[in-house]
Amino acid sequence: MDNVIGQIDRALDMTGAIVIAAVDGDRLAAPTPCQDWDVHAVLNHAVGNMHGFAAGVSGTDAGAGLEDDWLGIDPQGAFAAAAEVDRAAWHRPDALTGTVHMALGEIPGPAAAMVHLTEVVAHGVDIAVAIDRPDLADDELCAELLTTMRAMGGLDGFRKPGMFDEEITVPADAPAHRRLLGYLGRAW
């Protein structure tokens, strides 16, 4: 757990680079591995989540609902602003020692950090694959996350439509971002 804040920073950096590539041209309308969501919807969800987790960690109000329009006319700016707020919240001295206040209840800081890390990495990779830029995925970070999730007992208790579908078999020698997507049940 000691390095989860550093991993969140890396995930924000990775996803930020992907977002810069995604808003070029008509890529916001590209389909993603998240069923029924295009890049715009995934990005909006990710930005809303960053604000929601930051608010939960710091005990403030996110300012809008998770699926409200967080992107407006400047998706890159919206992501950058959310990443700044998110990063500041996770760097609070009490971020991992307290509880994070979420709509579903109180979550211990370390567990909330892992959930958030999974969200940022997975949705960043969803977008990278959707825009045909898997080279922007941090495969080392994806491998670390996959190893940690398996070591913590896996996702079987969370496998349900709209969250994580059943694991999809991916060749063992596939890049880590593909193995992560397969583990999360994302067909692509």
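The values are calculated or read from the model by the stated rules, or taken from the named source; none is laboratory data. All of these numbers come straight from a predicted model, not from anything done at the bench. Positions of Cβ are generated from backbone atoms using ideal geometry, with glycine treated the same way; all protein chains shown enter the neighbour counts. We work out accessible area using only protein heavy atoms, side chains counted, and drop any ligands, DNA or RNA first. Shrake-Rupley method; radii C 1.70, N 1.55, O 1.52, S 1.80 Å.
Couple of notes before you dig in:
- The lone criterion from (1) within 14 Å of Ala82 (Cα to Cα); (2) part of a helix (DSSP H, G or I); (3) free of Cβ contacts under 8 Å to residues at least 60 places away in the same chain left unmet by Ala46 is number (3).
- Residue in region 73-105 that is modelled with the highest pLDDT, counting only those that are closer than 19 Å to Ile5 by Cα, in a strand (DSSP E or B) and open to solvent by 20 Å² or more (accessible area, probe 1.4 Å): Thr99
- Residues of region 13-71 satisfying the condition of being over 22 Å from Trp188 (Cα atoms), of a type in the set (S, T, N, Q) and within 14 Å of the chain's Cα centre (by Cα): Asn49
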